[in-house]
Amino acid sequence: MAEPGSAQLLHSPGTVPLGSIFGIPIRLHMLFGAAVILAVLGQVQNSWHHVLWALLMFGPILLLTVLIHELGHCWATRKVGAPVHGILLWPLGGLAFVGHTSGPKSDIFVAVMGPLTHLPQMLIWFIMYIPSYHATYGDYKFHFAIEDPQFDFWLSVVSGALQLNLFLMAFNLLLPAYPLDGGRIFADLLLLCGLGEVLAAQITIAVAVLVAAGILAWGIYEQAILTVAVGAWMLYTTYELFSAVRKGSVTRHPMFCYDAQPGQAEQPQNPILPPNQQYSARV
């Protein structure tokens, strides 16, 4: 996912450094804790098992899952020769701040490698799920429901993590809505089919607005604050793309700006973008 001006978000007030992995700086937005608190508050009417389950699931497990997803984007970015600037973990997931790729094909590769990291994660959780399920039920059947934490806490954690990875992979990869990974892939495919940047952007915007509006409406219906926030954020980033089209500067927008070449220096030198916009932030 890409958005103009995203460089400021990486080092915005309220973010704290968590160190680095493979030379990639990792930062955490303090509002991530607010999202965890909301998840925990949703379980306070239940037993302490449910509260602890929510704390684990939407705290360290979600944090690690999203971090691995973003590292997948970073690995792919380096593979195509573009620079990686850092990862931000924030309330709506994660953002990998990377340099622009050299074209739609390499951009698709970078976009796909984030969601695909959920496959090995699901395999690991599934390997833990099988003996846990057998210990509880005495057989090796598999059912999709998350176990009640009060009935079997560990099995509920494992099954919850398994579903979390499946959901994040499907949500990011299968929804053709900008700024999700699926939306980037959709826009890149339009370009590869021969459409111009403006027409591709207009189609991307139309699809993204429909999907984001649906997510927003669903969040309001379910009274799910984070779902509403995701829908609103998608609409906001899509509006930025719309503004670029309206101003005739769509090729300056990170979604349609391809300038990095293999072997490029660590700081991208794009003459048409100011320094604070020479990033592409990917979910």
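Read-outs: derived from the displayed coordinates by stated rules, not from any lab. Just so it is clear, the structure is predicted and the values come from calculations on it, not from any experiment. Cβ coordinates were reconstructed from backbone atoms using ideal geometry, including for glycine residues, and neighbour counts include every protein chain displayed.
Over region 22-106, what lengths in whole Å, largest first, do the semi-axes of the equivalent ellipsoid take, defined as the square roots of 5 times the eigenvalues of the alpha-carbon gyration tensor?
Result for region 22-106: semi-axes of 33, 11, 10 Å.
Quick one: which residues, 5 or more positions from Val84 or on another chain, have an amide H under 5 Å from its amide H? H modelled 1.01 Å from N in the peptide plane, none for Pro or chain starts.
Answer set, sorted by chain and number: Gly99.
Just for the Cα atoms in region 88-167, what are the lengths along the principal axes, largest first, rounded to whole Å?
Over region 88-167, Cα extents along the principal axes are 53, 25, 15 Å.
Using the number of other C-beta atoms within 10 angstrom as an exposure proxy, rank Arg252, Arg184 with the fewest first.
Ranked by crowding around the Cβ, least crowded first: Arg252, Arg184.
What is the distance, in nm, between label points placed 7 Å from the Cα along the Cα-to-Cβ direction at Leu174 and at Gln223?
Output for this residue pair reads 2.9 nm.
Which lysines have a Cα less than 21 Å from the Cα of Lys105, not counting those fewer than 8 places away in the same chain?
Lys79
Multiply the residue separation of Thr136 and Ser249 by 0.36 nm, subtract the distance between their alpha-carbon atoms, and state the gained length in nm to one decimal.
Length gained between Thr136 and Ser249: 34.8 nm.
Mark the label point 7 Å from the Cα of Asn46 along Cα→Cβ and return the residues of region 131-157 whose backbone N is within less than 16 Å of it.
Under cut-off, by backbone N: 144-157.
With a/c under 1.5 counting as rounded, go ahead and sort region 149-200 into rounded, prolate or oblate using the C-alpha gyration tensor (a ≥ b ≥ c being the square roots of the eigenvalues; past the cut-off, prolate if a/b is larger than b/c, else oblate).
On the way: a/c = 8.04, a/b = 5.35, b/c = 1.50.
Prolate, because a/c is 1.5 or more and a/b exceeds b/c.
Could you list which residues have their amide H under 5 Å from that of Leu28, counting only those 5 or more apart in sequence or on another chain, with H placed in the peptide plane?
For Leu28, whose amide H was placed from the backbone, the distant partners under 5 Å are Val16, Leu18, Leu89.
Could you work out the helix-only [θ] at 222 nm for the chain, with each DSSP H run of four or more residues adding -39,500 (n - 2.57) and the total divided by the number of residues, to the nearest 500 deg cm²/dmol?
Helix-only estimate at 222 nm: -18500 deg cm²/dmol.
For the chain, what's the relative contact order in percent, using C-alpha pairs closer than 8 Å and at least 6 residues apart?
In percent, rounded to a whole number, it is 27.
Divide the volume of the convex hull of the Cα atoms of the chain by its number of residues and quote the answer in cubic angstrom per residue.
132
³J(HN,Hα) across region 218-230 via Karplus (A = 6.51, B = -1.76, C = 1.60, θ = phi - 60°), whole Hz, x for Gly/Pro?
Once θ is set to phi - 60°, the couplings for region 218-230 become 5, x, 5, 4, 8, 6, 9, 4, 5, 5, 4, 5, 5 Hz.
If you build a Gaussian network model of the chain, linking Cα atoms that sit under 10 Å apart, which residue out of Leu191, Leu123, Leu67 swings the most?
Among Leu191, Leu123, Leu67, the largest GNM mean-square fluctuation belongs to Leu123.
Taking chymotrypsin sites (Phe, Trp or Tyr not before Pro) as candidate sites, keep only those in a DSSP loop with at most 15 other Cβ atoms within 10 Å, then name the longest stretch of the chain containing none of them. Before the final figure, lay out the partial values.
Values: sites that count: Phe22, Tyr140, Phe142, Phe144, Phe151.
That would be 152-283.
Identify the trypsin sites (Lys or Arg not before Pro) of region 70-165 meeting these criteria: DSSP loop state and at most 14 other C-beta atoms within 10 Å of the C-beta. Each step should come with its number before you reach the end.
Details: sites: Arg78, Lys79, Lys105, Lys141; in loops: Lys141.
In loop regions of region 70-165 (DSSP not H, G, I, E or B), the sparsely surrounded trypsin sites (Lys or Arg not before Pro) are Lys141.
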